[in-house]
1. Show me the ranking of peptides 69-77, 147-155, 159-167 by mean Cβ neighbours inside 10 Å, starting with the highest.
2. Among Ser5, Ser182, rank each residue by its count of other Cβ atoms within 10 Å, from fewest to most, as a rough exposure measure.
3. To the nearest 10 degrees, how steeply does helix 103-112 sit against the main Cα axis of the chain, on a 0 to 90 scale?
4. Measure nothing fancy, just the Cα-based angle from helix 158-181's long axis to the longest principal axis of the chain, in degrees from 0 to 90, nearest 10.
5. At Leu188 and Arg166, where each label point lies 7 Å from the Cα along Cα→Cβ, what is the point-to-point distance in nanometres?
6. Can you bin region 55-146 into rounded, prolate or oblate? Criterion: square roots of the alpha carbon gyration tensor eigenvalues sorted a ≥ b ≥ c, rounded for a/c under 1.5, prolate for a/b above b/c, oblate for the rest.
7. Distance between the C-alpha centers of region 1-70 and region 94-110? Whole Å please.
8. Would you please classify the overall shape of region 123-201 from the alpha carbon gyration tensor, given that a ≥ b ≥ c denote the square roots of the eigenvalues, rounded means a/c under 1.5, and beyond that prolate means a/b larger than b/c while oblate covers the rest?
Amino acid sequence: MRSDSESSQKTRFEAFSDGVFAIAITLLILEIRLPSQETIDRNGGLARALLLLWPSYVGYAISFVTVGIMWANHYNVMRLIVRIDFALIVWNLLLLMAISFTPFPTAVMAEYLPHAGHDRHLAVGFYCLAFSLTAVLYNLFWRHASRDRRLIDPAVGDAVVAEVTRAYWPGIVAYFTAAVLSFISVTLALAIVAGLDVFYMLPRRGAHVGHEEG
């Protein structure tokens, strides 16, 4: 049984984390901006201006789904954790720092995606690298909580803990791979990121949406 103090601490921990996720995912929409009326008129009207915002739509959609999945999985991982220690708070803060950083690389990618050249590849690589960092921090967050089951609810089976642990590594590898491949093909790199979203939405015991993070 958890003490009232442990329950209160965990509730505050989750509430703060949920707030940061909510702010980060909301800020993504602020990166979609119409150009000035003068620019709209010069470039053929509103319909064309809206079409020309397609890179922002792509960035928003991928980032929103990715951050949303990360929130859902963070929420479900916390169902396995019975208490909080200081080190977990620190790892969580670092993870949230990476999450809240997401709108910036999303904006950079959207800005340079329509333009050919090295900067386009660099922007997409930067975007994928940001998710790579987030995946690494997610892994470290979970590894701290699960090592020797130090923070895990005794009622949670070892098979569930092992499944969550196994579910982390594909994200780290795939995001880094996407970052590297972005300098060859930005389409392939973004397809990998989008594919990971699909992968982590698939039901898997203790590891994904409706269960825990991968």
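1. Sorting 69-77, 147-155, 159-167 by mean packing, highest first, produces 69-77, 159-167, 147-155.
2. Ser5, Ser182
3. The angle comes out near 30 degrees.
4. Orientation of helix 158-181: about 20 degrees from the principal axis.
5. Calculated label separation equals 2.9 nm.
6. prolate
7. Region 1-70 and region 94-110 have Cα centres spaced 10 Å from each other.
8. Taking the square roots of the gyration eigenvalues as a ≥ b ≥ c, region 123-201 is prolate.
A short reminder: the numbers here are calculations on the coordinates, not readings from a lab. All values reported here derive from a predicted model rather than from experimental measurement. All Cβ positions, even for glycine, are placed from backbone atoms using ideal geometry, and neighbour counts span all protein chains on display.
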